[in-house]
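Below is one structure, written out as C-alpha cells; comments come after it.
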Amino acid sequence: MSRRDARRHAFNLIFQFPFFQNVGAEALAEARACYFESLDMGDIPDLEKLTRPSKKDADYLDRAVWGVLDKQAELDGVIENFLRDWDINRINKVDLALIRLSIYEMLREPDVPLGVAVNEAVELAKEYGTDESPAFINGVLGSISREIKLKGRDKIG
C-alpha cells in the first residue's frame, strides 16, 4: 500500500466524523472496523482496489485520523484564519475533511513535504469534491503553505 492509499483511507474516515454524534475512541475504532469490513466485502466500489494499510502506512493512517480528531479545533482555527469572506460552516464536508487532513499533515507530519500535502488534497478533491473543490482547496492550502514556509510549522494557528 502506498502513502497515497493510506491518505485516501484517512480522508474517508475523517469524512465520517460529522456523522457520528459521539466520536470517542470506541466509536472511532468501530467506524474504522466497519470501514475496512465494507472495503473487504467490496461495498465501497471506488475503493475496491485499495488494500488494508501495511504497518508503516497503518501507523500514518491512525496518526492522521486521530490527529485530525484530536486537533480539530486547532485545525479549524487555522482554516478560519485563512478564509476570505467565507465561513467555515459553508465549506462542504468533503472539502473540509480534505483541508483538515492536509493542514494536519503540514503541521504535524514533518516527513510530508508541504507541496505534497497540498497536491494530494487537490487530487482527492478532483475525485470526491465538486467542480469548484480543487481550486478552492488549492487556494486555501496554498496560502497556509506559504505562511508555514515564512513562519514555520509551530507559528501557525
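Could you check, for region 145-157, whether at least one of its residues is among the small types (Gly, Ala, Ser), in contact with a Gly (Cβ under 8 Å, 6 or more places away or on another chain), surrounded by fewer than 16 Cβ atoms within 10 Å (Cβ to Cβ) and modelled with pLDDT under 95? Within region 145-157, one or more residues are among the small types (Gly, Ala, Ser), in contact with a Gly (Cβ under 8 Å, 6 or more places away or on another chain), surrounded by fewer than 16 Cβ atoms within 10 Å (Cβ to Cβ) and modelled with pLDDT under 95.
Residues in region 20-44 that are in contact with a Lys or Arg (Cβ under 9 Å, 6 or more places away or on another chain) and at pLDDT below 70: Leu39, Asp40.
Look at Gly142 and say whether it is over 11 Å from the mean Cα position of the chain (by Cα), in contact (Cβ under 8 Å) with a residue 12 or more places away in the chain and under 24 Å from Asp57 (Cα atoms). Spelling it out, it is not the case that Gly142 is over 11 Å from the mean Cα position of the chain (by Cα), in contact (Cβ under 8 Å) with a residue 12 or more places away in the chain and under 24 Å from Asp57 (Cα atoms).
State whether the residues of region 68-75 include one that is over 20 Å from Ser145 (Cα atoms) and at pLDDT 80 or above. Yes, because at least one residue in region 68-75 is over 20 Å from Ser145 (Cα atoms) and at pLDDT 80 or above.
Look at region 106-121: where a residue is touching a residue at least 24 places away in the same chain (Cβ under 8 Å) and a partner is surrounded by 18 or more Cβ atoms within 10 Å (Cβ to Cβ) and of a type in the set (Lys, Arg), sitting 6+ places away or on another chain with Cβ atoms under 7 Å, you get Glu120/Arg7. Residue count for region 106-154 under the criterion of being under 13 Å from Leu96 (Cα atoms) and of a type in the set (S, T, N, Q): the result is 3. When you check Leu61 against the structure, is it touching a residue at least 24 places away in the same chain (Cβ under 8 Å) and in contact with a His (Cβ under 9 Å, 6 or more places away or on another chain), yes or no? Taking the combined requirement at face value, the residue satisfies it. Taken over region 84-119, the criterion of being of a type in the set (Gly, Ala, Ser) and modelled with pLDDT under 95 is satisfied by no residue.
Of all the listed residues (Leu47, Leu61), the sole one being of a type outside the set (Gly, Ala, Ser), surrounded by 15 or more Cβ atoms within 10 Å (Cβ to Cβ) and either at pLDDT below 85 or under 25 Å from Glu132 (Cβ atoms) (or both) is Leu47. Beta carbons closer than 7 Å, at least 6 apart along the sequence or on distinct chains, pair a first residue in region 67-91 that is farther than 19 Å from Gly142 by Cβ and among the polar types (S, T, N, Q) with a second that is at pLDDT 95 or above and part of a helix (DSSP H, G or I) for Gln72/Arg100.
The values are calculated or read from the model by the stated rules, or taken from the named source; none is laboratory data. As the structure is a prediction and not an experimental result, all values here were calculated from the model. Note that each Cβ is placed from the backbone with ideal geometry, even for glycine, and that neighbours are counted across all protein chains shown.
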